[in-house]
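Undergrad: Could you have a look at this structure, given as structure tokens, before my questions?
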Amino acid sequence: MMHKLFYLGTVGFWLAVAAIWQGSGMTPPPAPAPAPVAAAPVEKRISRAEVARHNKPGDCWTVINGQVYDLSGYGQKHPSRPVVAMPSCGRDASRDNRTRSKGRPLTPDADTLLADFRIGPQGEP
């Protein structure tokens with residue numbers, strides 16, 4: 001009887017070892033390290049000299065609050081006469097943008113419309 005018990009114990013032990021060994025091979029491999037996140041592209045800063053070269057109604061860039069806008073096609077969308085926006089061509093028009101005739105601020109719709117014409121940040125010099 002002792003021999004049977006010994007053999008059964010030994011066989012059971014090795015079956016448990018085999019099951020553990022086989023089970024360890026079934027675990028999924030470790031997840032690969034996440035790919036490094038690429039930095040956001042840096043926008044090219046547009047100099048004041050570059051803005052100044054675009055100072056005609058058909059080629060009109062302006063700076064408003066540190067951002068450069070190409071207003072060449074803005075004349076058709078301007079709610080007033082196109083000549084109202086044209087004096088800002090080639091220069092910083094931040095103050096003009098904050099106030100219009102009689103010191104009234106521009107409408108929020110004007111800022112929304114202006115966003116379509118943004119070409120980049122203004123830089124020095």
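Undergrad: Amide H to amide H, which residues 5 or more places from residue 54 or on other chains are under 5 Å from it, using H placed in the peptide plane?
TA: 61
Undergrad: Between residue 31 and residue 45, what is 0.36 nm times their sequence separation minus the Cα-Cα distance? Round to one decimal in nm.
TA: 1.0 nm
Undergrad: Right, next: If you stretched the chain out fully between residue 110 and residue 55, how much longer would it get, using 0.36 nm times the residue separation minus the C-alpha to C-alpha distance?
TA: Gain on stretching residue 110 to residue 55: 17.7 nm.
Undergrad: Taking amide H atoms as placed 1.01 Å from N in the peptide plane, list the residues 5 or more away in sequence, or in a different chain, whose amide H sits under 5 Å from that of residue 123.
TA: Answer set, sorted by chain and number: 46, 47, 48.
Undergrad: Which sequence of 14, 21 reflects their accessible areas, 1.4 Å probe, from the largest down?
TA: 21, 14
The values are calculated or read from the model by the stated rules, or taken from the named source; none is laboratory data. Please read these numbers as outputs of a predicted model, since none were measured by experiment. These area figures cover heavy atoms from the full protein model, side chains too; ligands, DNA and RNA do not enter into them. Shrake-Rupley method; radii C 1.70, N 1.55, O 1.52, S 1.80 Å.
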